[in-house]
Amino acid sequence: MFSVVFLVQALLASAAFAIPSSKEQFAARRARRSSGTTHQSKPVNLITNQVTTSNTSHVEYSENWAGAVLVASTATYKAVTGTFTVPTPKSTGGSSEQCASAWVGIDGDTCGTAILQTGVDFCVEGTEVAFDGWYEFFPADAADFSISFSAGDSVTLTATVSSTTSGTLKIVNSKGTSVSKAVSSSAKLCETNAEWIVEDFEECEGSDCSLVPFANFGTVEFTGAAATTSSGSVTAAGATIIDIEQSKVLTSVSISGSTVTIEYVG
């Protein structure tokens with residue numbers, strides 16, 4: 001009897017050790033990126049013409065972006081911020097890792113030359129989930145922040161322009177941790193777009209890039225969605241709505257004042 005109990009306990013212990021912790025998953029993803037696989041956000045890839053709905057919101061469809069975009073006519077955007085709750089991603093089927101990323105940024109819609117952005121990836125493989133914070137000054141690849149997240153954390157993202165070729169990216173977690181990074185680029189910002197986005201981002205091995213399998217992220221709701229312009233502060237109200245369409249529409253986006261709600265409906 002003792003030997004049977006001991007064997008069961010040993011098997012349970014070995015099974016427990018076989019399940020990677022969130023820290024181990026985070027380390028594995030960082031190792032994969034450092035070995036040549038990189039995360040890269042892209043400018044919006046629009047696949048249909050703009051349409052106007054009955055509530056006069058402008059709606060576009062994209063292969064990779066879902067969310068809200070403000071487009072300046074005269075003023076320039078100097079900062080963008082938003083707060084969201086980290087969701088629990090769910091697999092849509094299959095055995096491969098699936099991901100989505102929530103971020104705020106400057107440019108990338110009508111300006112395709114550069115994007116100043118920061119966000120959080122959420123990935124799922126089977127029943128295991130992992131989260132990564134990152135920053136990016138496109139066209140450079142994203143770089144990882146050393147900060148951890150759990151589903152349910154309230155996270156505030158901020159991108160601030162210093163000049164057309166420099167800025168600061170910051171993430172604050174409700175756990176009391178925060179990270180920031182000053183970045184620069186030879187690419188120039190237009191400062192004409194402010195965004196609150198959930199993206200199906202690309203992973204690249206060398207020059208071979210493809211969209212990651214898109215996860216069911218549930219709902220991402222950006223609150224306090226605001227942008228600072230050269231002439232004052234504005235909310236996301238009146239922004240262009242973008243939904244992801246990949247053979248079918250996968251998201252539903254709505255805007256109410258300073259709240260941008262992005263729901264997975266695929």
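The values are calculated or read from the model by the stated rules, or taken from the named source; none is laboratory data. From a predicted model like this one, the values you see are computed outputs, not experimental measurements. Neighbour counts are summed over all protein chains in view; Cβ atoms, including those assigned to glycine, are modelled from backbone coordinates with ideal geometry.
Taking the range 116-129 as the range and being surrounded by fewer than 24 Cβ atoms within 10 Å (Cβ to Cβ) and either of a type outside the set (Asp, Glu) or assigned to a loop (DSSP other than H, G, I, E, B) (or both) as the test, the residues that pass are Cys123, Val124, Gly126, Thr127, Val129. Does Thr38 meet the test of being over 15 Å from the mean Cα position of the chain (by Cα) and at pLDDT below 95? Criteria not met by Thr38. The condition (being farther than 17 Å from Lys78 by Cα and either of a type in the set (A, V, I, L, M, F, W, C) or out of contact with any helix residue (DSSP H, G or I) (no Cβ under 6 Å at 6 or more places or on another chain) (or both)) is satisfied by just one residue among Ser166, Ser148: Ser148. Counting only strands (runs of 3 or more DSSP E) that sit completely within the range 148-248, those holding 2 or more residues that are in contact with a strand residue (DSSP E or B) (Cβ under 7 Å, 6 or more places away or on another chain), without any contact (Cβ under 8 Å) to a residue 40 or more places away in the chain and within 25 Å of Gly112 (Cβ to Cβ) correspond to 166-173. Of the residues screened, Cys190 is one that is crowded, with 18+ Cβ neighbours inside 10 Å, more than 17 Å from Phe84 (Cβ to Cβ) and either in contact with a Ser or Thr (Cβ under 7 Å, 6 or more places away or on another chain) or at pLDDT 95 or above (or both). Confirm whether Thr113 is over 16 Å from the mean Cα position of the chain (by Cα) and not in a strand (DSSP E or B). Spelling it out, Thr113 is indeed over 16 Å from the mean Cα position of the chain (by Cα) and not in a strand (DSSP E or B). Condition check for Val4 on (1) modelled with pLDDT under 90; (2) surrounded by 16 or more Cβ atoms within 10 Å (Cβ to Cβ); (3) not acidic (Asp, Glu): one failure, at (2).
Taken together, the residues in the range 81-105 that are modelled with pLDDT of 95 or more, over 11 Å from the mean Cα position of the chain (by Cα) and in a loop (DSSP other than H, G, I, E, B) amount to 3. State whether the residues of the range 221-228 include one that is under 22 Å from Thr127 (Cα atoms) and among the aromatic types (Phe, Trp, Tyr). No, the conditions are met nowhere in the range 221-228. The number of residues in the range 194-236 that are at pLDDT below 95, more than 18 Å from Gly105 (Cβ to Cβ) and small (Gly, Ala, Ser) comes to 5. Taking the listed residues Glu136, Glu97, the one that is farther than 25 Å from Ser258 by Cβ and of a type in the set (Asp, Glu) is Glu97, with no other qualifying.
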